[in-house]
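Enquirer: Dropping a structure here in structure tokens format, bear with me for questions.
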Amino acid sequence: MNQKTISSGIVRAVLTIASIALILFFLYKVRSVIAYITVAAVTSLICRPFVQFLEKKLKIEKNIAVIITIFLVLGIMIGLVGLFVPLVLEQGHNLSLLDINKLESNIKQTYSDFILNFNLHQNDLSDSFKGIKFLDKLDFSFIPQVLNSIVSGLGSFSIAVFSVLFIAFFFLKDRALLENTLLIFVPEKSENQFKNSFLKIKNLLSRYFVGLICQISILFIIYMTGLLIIGIQNPFVIAFLCALLNLIPYVGPFISVIIMMTLTMTSNIGQEFISYILPKTFWVFIVFMIGQLIDNFVSQPIIFSKSVKSHPLEIFLIILVTGILFGVIGLIIAIPAYTAIKVILKEYLSENRIVKKFTENI
């Protein structure tokens, strides 16, 4: 190997590394656009069955059906904001989010009531926490900053919603748009396999995301009904938020029960702890457990197993592994990514014995 060959090899390697770095830098800069496209693709998959229903059952022209669907999605979002924001603001006042001193006082009062009514001693608790008075060290001043960030982020959120709906409109209108775009990067000899894979992935993920909507709706109805029966203030906002958090497997329900119980306790400051606050909190926990039992043993096995055609244990292990490897993001994307990988493997490695075993239901 002469010096010229070595030099050209080094130049090619440097150019390749520089090109990859430039592409990664470009993708980083346009990450918000990539996020919009991803959310728009998911939105189009969710809306796809409804568009097909309008076309095939009601005989509505495709473009009109897509426009009706997009306006329906927009109307649902505006309706949720119209219902959700006032309730959040009201709950915020109940929790004294705009009065930091009162919020701190409420939390410390709940903490003191808990110690007093369970015959605990402050010194014993201090020893168990190694002498750290954790409530005194909590800085509540971050709450107004969070609220200001939410308000200032409404403008960016509006742009994001418009962008997502605009892109989703064209994905629904021209159903081959995304497929044809991705075909640019696929070798010509593999085009047929890619088209088959893409169609199967689109059908399975469409059913999966519709299943998610059904799962959230079932949990929301259970939570809201239970909270209404118990007499909790603002059951809609609490039920909606906790049902939405269930999108994050395992971590979401844990956060949900903390939110439910905390909101129940802190919004009833001034009431008798043993005879009023504690029983309400207990029944809220029961409502949460009923919702989770129905979700884990009825909703999820039926919806997910049939939508992505995978065994519940298989789904559990995949979520567990991706959660360990990639954290919360891994928990969210585990099932869609695994479904897509299974379809691709079956299309390209259908003769492999292991692949054939794992993809026999697809």
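The values are calculated or read from the model by the stated rules, or taken from the named source; none is laboratory data. Keep in mind the model is a prediction, meaning the values are calculated, not measured. Ideal geometry is used to build each Cβ from the backbone, glycine not excepted, and the neighbour counts take in all protein chains shown. The protein model used for the area step is the full one, side chains on, heavy atoms only, and it has no ligands, DNA or RNA in it. Shrake-Rupley method; radii C 1.70, N 1.55, O 1.52, S 1.80 Å.
Enquirer: Hey, could you check the range 338-362 for residues that are open to solvent by less than 40 Å² (accessible area, probe 1.4 Å) and without any contact (Cβ under 8 Å) to a residue 24 or more places away in the chain and say which is nearest to Leu199 (Cα to Cα)?
Expert: Per the stated criteria, the residue is Thr359.
Enquirer: If you don't mind, there's one more thing I want to ask. Give me a count of the residues in the range 177-192 that are open to solvent by 80 Å² or more (accessible area, probe 1.4 Å) and of a type in the set (A, V, I, L, M, F, W, C).
Expert: Summing the residues that are open to solvent by 80 Å² or more (accessible area, probe 1.4 Å) and of a type in the set (A, V, I, L, M, F, W, C) in the range 177-192 gives 2.
Enquirer: Related question: Condition first: at pLDDT 85 or above and either of a type in the set (Asp, Glu) or crowded, with 18+ Cβ neighbours inside 10 Å (or both). Now tell me which residues in the range 219-239 satisfy that.
Expert: Passing the criteria: Leu219, Phe220, Ile222, Tyr223, Met224, Gly226, Leu227, Ala239.
Enquirer: Give Val321, Val355, Val287, Val343 a once-over and let me know the one that is of a type in the set (A, V, I, L, M, F, W, C) and under 20 Å from the mean Cα position of the chain (by Cα).
Expert: When all the criteria are applied, what remains is Val321.
Enquirer: Let me ask you something else. Tell me whether the range 244-260 contains one or more residues that are among the small types (Gly, Ala, Ser) and part of a loop (DSSP other than H, G, I, E, B).
Expert: Scanning the range 244-260, I find no residue that is among the small types (Gly, Ala, Ser) and part of a loop (DSSP other than H, G, I, E, B), so the answer is no.
Enquirer: Please list, ordered by first then second residue, the pairs with beta carbon atoms under 7 Å, 6 or more apart or interchain, first in the range 235-247 and within 11 Å of Ile259 (Cα to Cα), second assigned to a loop (DSSP other than H, G, I, E, B) and not acidic (Asp, Glu).
Expert: Note: pairs meeting the criteria are Ile238/Ile232.
Enquirer: For the structure I just gave you, tell me whether Ser44 is over 30 Å from the mean Cα position of the chain (by Cα) and either within 15 Å of Phe170 (Cα to Cα) or among the small types (Gly, Ala, Ser) (or both).
Expert: Spelling it out, it is not the case that Ser44 is over 30 Å from the mean Cα position of the chain (by Cα) and either within 15 Å of Phe170 (Cα to Cα) or among the small types (Gly, Ala, Ser) (or both).
Enquirer: Within the range 305-332, count every residue that is surrounded by 20 or more Cβ atoms within 10 Å (Cβ to Cβ) and either under 19 Å from Leu244 (Cα atoms) or in contact (Cβ under 8 Å) with a residue 24 or more places away in the chain (or both).
Expert: 4
Enquirer: Kindly provide the set of residues from the range 276-297 that are over 15 Å from Met265 (Cα atoms), open to solvent by 20 Å² or more (accessible area, probe 1.4 Å) and in contact with a helix residue (DSSP H, G or I) (Cβ under 7 Å, 6 or more places away or on another chain), ordered by number.
Expert: Scanning the range 276-297 gives Ile290, Ile294.
Enquirer: Tell me the residue from Val73, Val81, Val11 that is at pLDDT 85 or above, surrounded by 10 or more Cβ atoms within 10 Å (Cβ to Cβ) and of a type outside the set (Gly, Ala, Ser), please.
Expert: Val73
Enquirer: Say we look at the range 334-362 and pick out the residues that are assigned to a helix (DSSP H, G or I) and among the hydroxyl-bearing types (Ser, Thr, Tyr); which of these is modelled with the lowest pLDDT?
Expert: The selected residue is Tyr348.
Enquirer: Report whether or not Thr322 is part of a helix (DSSP H, G or I), of a type outside the set (Lys, Arg) and either modelled with pLDDT under 85 or in contact with a Phe, Trp or Tyr (Cβ under 9 Å, 6 or more places away or on another chain) (or both).
Expert: yes
Enquirer: Residues being in contact with a Ser or Thr (Cβ under 9 Å, 6 or more places away or on another chain), open to solvent by less than 60 Å² (accessible area, probe 1.4 Å) and of a type in the set (Val, Ile, Thr): count how many of those fall in the range 14-55.
Expert: Adding up the residues that qualify gives 2.
Enquirer: What pairs can you find where one residue is in the range 13-25 and in contact (Cβ under 8 Å) with a residue 60 or more places away in the chain, the other is assigned to a helix (DSSP H, G or I) and surrounded by 10 or more Cβ atoms within 10 Å (Cβ to Cβ), and their Cβ atoms are less than 8 Å apart, with a gap of 6+ or different chains?
Expert: Pairs that qualify, where the first residue is in contact (Cβ under 8 Å) with a residue 60 or more places away in the chain and the partner is assigned to a helix (DSSP H, G or I) and surrounded by 10 or more Cβ atoms within 10 Å (Cβ to Cβ): there are none.
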